[in-house]
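Notes follow once the structure below has been shown.
Just so it is clear, none of the values below were taken in a lab; they were calculated from the coordinates. Predicted model only: the values in this text are computed from it and were never measured. In this analysis, Cβ positions are derived from the backbone assuming ideal geometry, glycine residues included, and neighbour counts consider all displayed protein chains.
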Amino acid sequence: MSDGGQRVDGVAVGLGAREDIDEILALYEAVQQAVAGTDNDPLWKVGVHPCRAQLEAAAAGEALFVLRKGGRIAGAMVADESITPGYEAVPWNVQAAPGEFVTVHLFAVHPDFRGQGLARPFLEAVEQTARERGYKAVRLDTLVTNLGAQRTYERLGYANMGRHHLTYGTYIDTDEPRFVLFEKAL
């Protein structure tokens, strides 16, 4: 993806830069506040996860993506090769070794821009970039309670790989699986 990004239907998707991080952190804070306690709550602790260092590393690795509309950052995500423990146990449809697939993390659309159909052009632009970079698949996860995200991913052609146990940082998913994983072949 060039620095100018891809433009579709009045939105632009491109790589995020260090100078975008304050606005991106504010976006994540607005999302967390808007969905706290709902089925869509990602349980983020902004400043811990996501945090500035995490976003700076993603920007430096050309893995921080932003969606802009009306001069504002309307969405953000990280798409890189990192996986959390548990991904390796999933019976994926696409046979891909580490380094052959990209994983989406921290996918969010600002509450001011929800319901405008922005998930499709945002994910499609990231998928196109992944194809151009030679990846075989895009993978991601969401909490089992986040039915809205699950419907969105399925509507956009992602295969639901079922519920699985994952470990995020100090959080270890030991009881019932709390994550639903998705994959899209490229």
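Scan (1) more than 22 Å from residue 172 (Cα to Cα); (2) in contact with a strand residue (DSSP E or B) (Cβ under 7 Å, 6 or more places away or on another chain) for the single condition residue 60 breaks and write down its number.
(2)
Is it fair to say residue 135 is assigned to a loop (DSSP other than H, G, I, E, B) and crowded, with 18+ Cβ neighbours inside 10 Å? Let's see the steps before the verdict.
Details: assigned to a loop (DSSP other than H, G, I, E, B): yes; crowded, with 18+ Cβ neighbours inside 10 Å: yes.
The answer is yes for residue 135.
State all residues of region 138-169 that are crowded, with 17+ Cβ neighbours inside 10 Å, part of a loop (DSSP other than H, G, I, E, B), touching a residue at least 40 places away in the same chain (Cβ under 8 Å) and of a type outside the set (S, T, N, Q); if no residue qualifies, say none.
If the condition is that a residue be crowded, with 17+ Cβ neighbours inside 10 Å, part of a loop (DSSP other than H, G, I, E, B), touching a residue at least 40 places away in the same chain (Cβ under 8 Å) and of a type outside the set (S, T, N, Q), then 166 is the only one that fits.
Looking at the structure I just gave you, is residue 36 of a type in the set (Gly, Ala, Ser) and buried (at least 16 other Cβ atoms within 10 Å of the Cβ)? Lay out the reasoning, then the answer.
Working: of a type in the set (Gly, Ala, Ser): yes; buried (at least 16 other Cβ atoms within 10 Å of the Cβ): no.
No: the conditions fail for residue 36.
For region 106-126, does any single residue satisfy the condition of being within 28 Å of residue 37 (Cβ to Cβ), among the polar types (S, T, N, Q) and surrounded by fewer than 19 Cβ atoms within 10 Å (Cβ to Cβ)? Walk me through how you get there before you give the answer.
From region 106-126, those within 28 Å of residue 37 (Cβ to Cβ) are 106-120, 122-123; that's our starting set.
Next, from what is left, pick out any that are among the polar types (S, T, N, Q): 116.
In the following step, the residues that additionally are surrounded by fewer than 19 Cβ atoms within 10 Å (Cβ to Cβ) were identified as 116.
Within region 106-126, one or more residues are within 28 Å of residue 37 (Cβ to Cβ), among the polar types (S, T, N, Q) and surrounded by fewer than 19 Cβ atoms within 10 Å (Cβ to Cβ).
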